[in-house]
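Heads up: the structure comes next, in structure tokens.
The values are calculated or read from the model by the stated rules, or taken from the named source; none is laboratory data. Quick caveat: nothing in here was measured; it's all calculated off a predicted structure. Glycine also receives a Cβ, built like all others from the backbone with ideal geometry; neighbour counts cover every protein chain displayed. The accessibility values were calculated without ligands, DNA or RNA, using every heavy atom of the protein model including side chains. Shrake-Rupley method; radii C 1.70, N 1.55, O 1.52, S 1.80 Å.
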Amino acid sequence: MEPRCPHFGTCGGCRLQDIHYEDQLARKQAELSELLARIGWVTTVPMHPSPQEWYYRNKMEFSFQDVYPAPAEGEDYLLLGQKIRNRWDRVMNIKECYLLSPEAPLLLAAVHAWALKEKLQPFNLHKRTGFLRHLVVREAKNTDERLVNLVTTPGKLDAAGFVKMVRAAYPATTVLWGTNSGKSDVAQAEKTEVLYGPGVIFESVLGKRLRVSPYSFLQTNTRGAEALYTRIRECIADARPQNLLDLYCGTGGITLSVADLCERVMGVEVIESAVADARFNAEQNQVTNVDFMAAKVEDLLPGLAAQKVVDVDAVIVDPPRSGLHPTALAALKELAPAKLIYVSCNPKAMVEDIRKMSGLYDLRLAEGFDLFPHTDHMEALAVLGRIY
Ligand SMILES: C[S@@+](CC[C@H](N)C(=O)[O-])C[C@H]1O[C@@H](n2cnc3c(N)ncnc32)[C@H](O)[C@@H]1O
């Protein structure tokens, strides 16, 4: 089919836009079913569609780049947009995009024009020189709150001029300036200054109001996450655990949405600001039976498993793409909760981890959630039960 976006084919963002959405879902369903068949799960796995096919993302990170070796006659020296397909070091201007909101391209155009007018230098990933690095945009879908974070190397910025330009083009509720002198190409900052507004946004997920700081994790498809969390609630409701561990909990989205079904829940997350958000979110939503710990799961879990101070009867894991750290996996086997719920954005890694637990656990349920329409990515949910 005709892709909606004119950047299709060049932009690294949406690889499947030329395939009808129903066919994208069928493809992801086949892929997940085939992966799970490798560990003996022979039923076709349901693939839940994203509630929104377009404008489903609540966060995007755009990059600045110079034009090298040199811009052609009459061409701008600066690019602002997405990485070109299969190129970590090449950025293309984005004039249209259907992932965030209709307003986002207007923001990109305004920031691009402002950077040229101010004669600011974009960062060069090879030489590691230049000022402008990333433009991070977060848009809550269930509230009107919108965050813009300009990430640069340390230097001078006409902050008032930047805020004025952003707000004239785009309904930002907060504007920040982060500085990052590091080598790696990540939209993170060592220091962040709030230039306008509260410095955070609030998103509502299944009726819980969640504070999200600029560098904290939140599932990028809010409405898709609500569908996933609703299913997790159904899986937990069966077990009614006394003590639930929510490992890799981010800002506490899952923790807070299942807390009313458990006696006590403890969330574990490595990013301190996300843990601070999670604690704040528990308090402001009057959820009193949760605790959060800032730690690496692989550091904390072996101690918990060895001490067996509390009887943990259910665990939710939602690890990064790499899957469970070997130490975390070994500790989980030692802890051996009756129910283990595995949420994953990398089903391949999830299947490998489940394989390593065979003999102790068997698979009771597996489903897919398309949180990333038009891309190859998907979210998987697996429920495991202890065999003995
Ligand atoms: C896929 S996100 C899951 C977030 C959460 N479950 C949710 O639905 O919003 C993974 C989270 O794990 C955290 N993380 C990554 N490595 C970790 C580790 N070794 N120990 C604890 N947390 C980690 C990340 O910061 C991120 O917040």
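Residues in segment 301-345 that are touching a strand residue (DSSP E or B) at 6+ places or on another chain (Cβ under 6 Å) and either within 12 Å of the ligand (Cβ to nearest atom) or basic (Lys, Arg) (or both): how many?
Residues that pass the stated criteria total 9.
So the check is Cβ under 7 Å with 6+ separation or different chains; which pairs have a first residue in segment 195-209 that's more than 17 Å from residue 220 (Cβ to Cβ) and a second one that's surrounded by fewer than 16 Cβ atoms within 10 Å (Cβ to Cβ) and among the aliphatic types (A, V, I, L, M)?
Between residues of segment 195-209 that are more than 17 Å from residue 220 (Cβ to Cβ) and residues that are surrounded by fewer than 16 Cβ atoms within 10 Å (Cβ to Cβ) and among the aliphatic types (A, V, I, L, M), the close pairs are 195/159.
Please specify each residue of segment 176-220 satisfying the condition of being of a type in the set (Ser, Thr, Tyr), open to solvent by 40 Å² or more (accessible area, probe 1.4 Å) and more than 11 Å from the ligand (Cβ to nearest atom).
181, 184, 192, 196, listed by residue number.
For residue 252, indicate whether it is in contact (Cβ under 8 Å) with a residue 12 or more places away in the chain and in contact with a Gly (Cβ under 6 Å, 6 or more places away or on another chain).
Answer is yes for this residue.
What number of residues within segment 280-309 satisfy the criterion of being of a type in the set (Val, Ile, Thr) and open to solvent by 80 Å² or more (accessible area, probe 1.4 Å)?
Going through segment 280-309 one residue at a time, the tally reaches 2.
Give the residues of segment 221-243 that are within 12 Å of the ligand (Cβ to nearest atom), of a type outside the set (A, V, I, L, M, F, W, C), touching a residue at least 60 places away in the same chain (Cβ under 8 Å) and part of a helix (DSSP H, G or I), sorted by residue number. Even if it seems obvious, please write down each step before you answer.
Going through segment 221-243, the residues within 12 Å of the ligand (Cβ to nearest atom) turn out to be 221-222, 224-226, 228-229, 232.
From what's left, of a type outside the set (A, V, I, L, M, F, W, C): 221-222, 224, 226, 229.
Narrowing the set further to residues that are touching a residue at least 60 places away in the same chain (Cβ under 8 Å) leaves 221-222, 224, 226.
Within segment 221-243, 222, 224, 226 meet the criteria.
Is there a residue in segment 219-236 that is β-branched (Val, Ile, Thr) and more than 30 Å from residue 104 (Cα to Cα)?
Yes, segment 219-236 has at least one match.
Can you pull out every residue in segment 310-322 that is open to solvent by 10 Å² or more (accessible area, probe 1.4 Å) and more than 13 Å from residue 385 (Cα to Cα)?
310, 311, 312, 318, 320, 321, 322
Looking only at segment 168-201, how many residues end up being assigned to a loop (DSSP other than H, G, I, E, B) and of a type in the set (S, T, N, Q)?
So the count comes out to 5.
When you check residue 386 against the structure, is it more than 13 Å from the ligand (Cβ to nearest atom), farther than 25 Å from residue 226 by Cα and of a type in the set (D, E, K, R), yes or no?
Considered against the rule, which asks whether it is more than 13 Å from the ligand (Cβ to nearest atom), farther than 25 Å from residue 226 by Cα and of a type in the set (D, E, K, R), residue 386 comes out as yes.
How many residues, within segment 58-75, are at negative phi, out of contact with any helix residue (DSSP H, G or I) (no Cβ under 6 Å at 6 or more places or on another chain) and assigned to a loop (DSSP other than H, G, I, E, B)?
Going through segment 58-75 one residue at a time, the tally reaches 8.
Please count how many residues of segment 244-279 are open to solvent by 40 Å² or more (accessible area, probe 1.4 Å) and away from the ligand (no atom under 15 Å from the Cβ).
3
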